[in-house]
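In what follows, a single structure is set out as structure tokens and then discussed.
Derivation of every value follows stated rules applied to the coordinates shown; laboratory data play no part. What you are looking at is a predicted structure, and each value in this text was computed from that prediction instead of being measured. Note that we place each Cβ from the backbone using ideal geometry, even for glycine, and neighbour counts take in every protein chain shown.
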Amino acid sequence: MTHTPDEQELLTRQRFLRLLAWSGGSVMFGSIGLTLAEGLAGRAFEPLNQRVEELLQNSQKLVPEFPISEIEPEALLVNSFRFTPELDPTTFRLTIDGDVNQPLSLDLKTIYAMPQTSMVIRHVCVEGWAAIVQWGGIQMRELARLAQLKPGVRYVYFWSADGYYGSWDLASALHPQTVLAYQKNGESLPIENGAPLRLASPIKLGYKLSKWVTRVTFTSELMPRKGYWEDLGYEWFAGL
């Protein structure tokens, strides 16, 4: 039987996922938990990874959430990149720029006045741990609507106050459960968890969920620098 290119890619990806399942996660190593399989195959699978994972993931399908009673307050570990920045909430601005018709510079008071969404989801870290957390904040799709994206936008960059950076495909960024959060478990987001604004979403691994976000850039092309860990060999799409 012959397969179309998309079917061949899907079969290749499924075989790769089965390999990881058979390994039982035992090939994970190092302080940041990059799997040996991803390390060896990651570059060869890009951009195949993105195309196949988009086939496996309905970009707008809601991920089932958990009841508040299942929140795990102590399970969310704190991973630092370089340092923990302390941002003054009275002077903080979120910049939204790039390929948009309406660049924005929003203070927290304006952001807090926007329609809020709340969700109880599982945060999954590539190191092998997970935590059920309630996040509250503003949907990325609402910010995109306000910024009025230009035709051809395909990617979104997130820039953080500690120098961290990452990029997403536009469909994932506009997923209804992708938010810039300013609340954790019904309270103000702690500084160690990314206050005043951090990404939260059930459709991406933890290293895609940037903390201390100060700038969002919409673009039609990926830059040479795709993300801090991605530039060191991590998978770019990183979907769940």
### Query
Expressed in nm to one decimal, what extension gain is obtained for the pair Ala75 and Lys109 from 0.36 nm per residue of sequence separation less their Cα-Cα distance?
9.2 nm
### Summary
The set of residues whose placed amide H lies less than 5 Å from the amide H of Leu197, leaving out same-chain residues fewer than 5 positions away, is Trp212, Val213
### Derived scalar couplings ³J(HN,Hα) [region 207-212; Karplus, 6.51 cos²θ - 1.76 cosθ + 1.60; whole Hz; x for Gly, Pro]
6, 8, 9, 4, 9, 6
## Note on the structure
Residue-ordered couplings for region 87-96, obtained by feeding phi - 60° into the Karplus form 6.51 cos²θ - 1.76 cosθ + 1.60 and rounding to whole Hz (Gly and Pro as x), are 9, 6, x, 7, 10, 4, 9, 9, 9, 10
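Where does region 96-145 land on Rg(C-alpha)/(2.2 N^0.38 Å)?
Relative to the 2.2 N^0.38 Å estimate, region 96-145 comes out at 1.50.
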### Query
Taking θ as phi - 60°, what are the ³J(HN,Hα) couplings along region 69-82 by the Karplus curve (6.51, -1.76, 1.60), each to the nearest whole Hz, with x for Gly and Pro?
5, 9, 4, 10, x, 9, 7, 7, 7, 9, 10, 9, 8, 10
### Full-extension gain in nm, Ser118 to Ala171, via 0.36 nm per residue minus C-alpha separation
17.1 nm
### Message
Under the rule of at least 5 residues apart or a separate chain, name every residue whose amide H is placed under 5 Å from the amide H of Val126.
### Response
Gly206, Tyr207
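Order these peptides, 151-163, 169-181, 99-111, by their mean beta-carbon neighbour count within 10 angstrom, highest first.
Taking the mean over residues of other Cβ atoms within 10 Å, the ranking is 169-181, 151-163, 99-111.
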### Query
Three principal axis extents, largest first, for the C-alpha atoms of region 137-240, in Å?
37, 33, 26
### Task
Straight distance only, please: which lysines reach the Cα of Lys208 with their own Cα at less than 22 Å, same-chain residues fewer than 8 apart left out?
Lys61, Lys184, Lys226
## Note on the structure
Computed from every Cα-Cα pair in region 64-232, P(r) in 5 Å bins starting at 0 and rounded to whole percents is 2, 9, 18, 23, 22, 16, 8, 2, 0
### Task
Hand me the chymotrypsin sites (Phe, Trp or Tyr not before Pro) from region 64-144 located in a DSSP loop with no more than 13 other Cβ atoms within 10 Å, in residue order please.
Phe83, Trp129
### Query
What is the projected area of the convex hull of the Cα atoms of region 75-163, averaged over all directions, in nm²?
7.3
### Task
Multiply the residue gap between Glu65 and Trp129 by 0.36 nm, knock off their C-alpha separation, and tell me the result in nm, one decimal place.
21.2 nm
